[in-house]
Amino acid sequence: MEKRETMWEAYVSRGLSRRTFLKGCVALTSLMGLSTDMFSKVVEAAETKPLPVVIWMHGHECTGCDESFIRSASPLASDLVLTNIALEYDHLLSASCGEPFERHLEETVRKYYGQYILAVEGAVSTTNNGTYCMSGGKPFVDNFQNVARGAAAIIAYGSCAAYGGVQAAKPNPTGSAGISHYVGTKQVVNVPGCPPIPEVMTGIVMHVALFGKLPTLDSDGRPRQFYGNRIHDTCYRRPFFDAGMFADHFDDAGAKAGWCLYKLGCRGPETYNSCGNLRWWQGMSYPVQSGAPCIGCSNKDFWDSGACFSERLPKYGPLPDVDIIGAGLAVASAAGVAVHGALSVVQKQKRDEEEARENEGKQVAGK
Ligand code: FSX
Ligand code: SF4
Ligand code: F3S
């Protein structure tokens, strides 16, 4: 088998300096959520491990995930693609297309069977033999399963690949579902979000690439370093929630003053993601910061959550506490927060119990 270059060799062959390489390793270390004492391990891996072969497939989706990925700032998506991974197949980012490109996919699968990382955006569709979602002239479900069989690690990018996405909304005419239903017993790393945060996407693929193992996952297959907190836990509007100060309409004085968006449907209290920490577009903003309630785009079945996105979730209602808070009753406000806090604690405990049973840092198959 031909020798593939390492990340360090890729830097050298592109005329980049050792200093640039080390700066890249610093960025990767922090991006992967690792402590600084892991820096030398990252450098060592980058110097010695061959660039990981990545196959990137698109199923039933809107391509927003790839659009998000190419906006990764640290590392830059271009650096990742050109110097950190060997991206062999991606309909959006590859210059080639058509039959030769599809043949290249088959050759890549054959050549690197059992070694490549498979990144997938979009759901698998199975109604009418999968013909609602065709790729390279074949049903995506068939293509995907062929490639998944030889993958060392499988990453589901976006809520569509993880859970089925918008096209799986009731009545789900195309029979769309998350990819994990079609890979047998293989562990899938779920990176939900519609789309996921760019730096989370690059961070996950680099973790698998450099360490040859999956990051620590929660019971839902999500990397804990990025999905360990609720939007609500890191929200800068949280003091308004705690003080019972809520916007009632999108254009009222409370909304203009930046009060909590809970009564306008915010799903932050039940949504796990890093939007409040990392934010989007180089830390510029995220939905709650731009005045839109979190619609829980990282949650399973968020599209069928039973209420319009601008309405409070029924499961948190009727919430007389919140309405009473709106009427200015401080005692009820405290009770309301306590009720909500208790709900959150119970949810958190359940998660912790589940996570205690999870597979910590499961080794990638074949390594
Ligand atoms: Fe889904 Fe991604 Fe939402 Fe779109 O590829 S997670 S519809 S942003 O694009 O799959
Ligand atoms: Fe922020 Fe939403 Fe929580 Fe309010 S409910 S504090 S807007 S996450
Ligand atoms: Fe999605 Fe909510 Fe973040 S809508 S982008 S999980 S703030």
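Only the coordinates and a few stated rules stand behind these numbers; no lab work does. Note that the coordinates shown come from a computational prediction; the quantities given were computed from them, not determined experimentally. Counting neighbours? That spans all protein chains shown, and the Cβs are built from the backbone with ideal geometry, glycine included.
Ranked highest first by average number of other Cβ atoms within 10 Å, how do 242-255, 81-94 line up?
Numbers: 242-255: 15.6, 81-94: 18.6.
Ranked by mean Cβ neighbours within 10 Å, highest first: 81-94, 242-255.
Computed from the C-beta positions of Gln282 and His181 and an R0 of 41 Å, the FRET efficiency is 0.70 to the nearest 0.05. In this structure, the amide hydrogen of Ser285, modeled 1.01 Å from its nitrogen in the peptide plane, lies closer than 5 angstrom to those of Trp280, counting only residues at least 5 positions away or on a different chain. The distance between label points at Thr131 and Asp252 comes to 5.3 nm (points 7 Å beyond Cα on the Cα→Cβ vector). When each of the peptides 108-115, 60-67 is scored by the mean number of other C-beta atoms lying within 10 Å of its residues, the order from highest to lowest reads 60-67, 108-115. Overall size of region 7-226 from C-alpha positions, given as principal axis extents largest first: 54, 38, 29 Å.
Applying the criteria of a DSSP loop state and at most 14 other Cβ atoms within 10 Å to the trypsin sites (Lys or Arg not before Pro) of region 1-49 yields Lys3, Arg14.
Considering only the other residues whose Cβ falls under 14 Å of the Cβ of Gly137, what net charge follows from Lys and Arg at +1 and Asp and Glu at -1? Within the 14 Å Cβ shell, the charges total -2.
Assuming R0 = 56 Å, can you tell me the calculated FRET efficiency for the pair Ser40 and Ala243, based on Cβ-Cβ distance, to the nearest 0.05?
Between Ser40 and Ala243 the formula returns 0.75.
A full extension of the chain between Glu311 and Leu82 corresponds to an added length of 78.0 nm, given 0.36 nm per residue minus the alpha carbon distance. Summing +1 for each Lys or Arg and -1 for each Asp or Glu among the other residues whose beta-carbon sits under 15 angstrom from that of Gln289 gives +4.
Other residues lying with their Cβ under 13 Å from the Cβ of Ser274 contribute a combined charge of +2, Lys and Arg counting +1, Asp and Glu -1. Each residue, Ser94 and Val12, gets one label point 7 Å from its Cα in the Cβ direction; the gap between the two is 2.9 nm.
Which of the residue pairs Lys3/Lys213; Lys49/Lys111; Lys23/Lys213; Lys111/Lys213; Lys3/Lys138 have a Cα-Cα distance greater than 28 Å in the structure shown? With Cα atoms farther than 28 Å apart: Lys3/Lys138. Label sites at Arg110 and Thr48, each approximated as a point 7 angstrom past Cα along Cα to Cβ, lie 3.3 nm apart.
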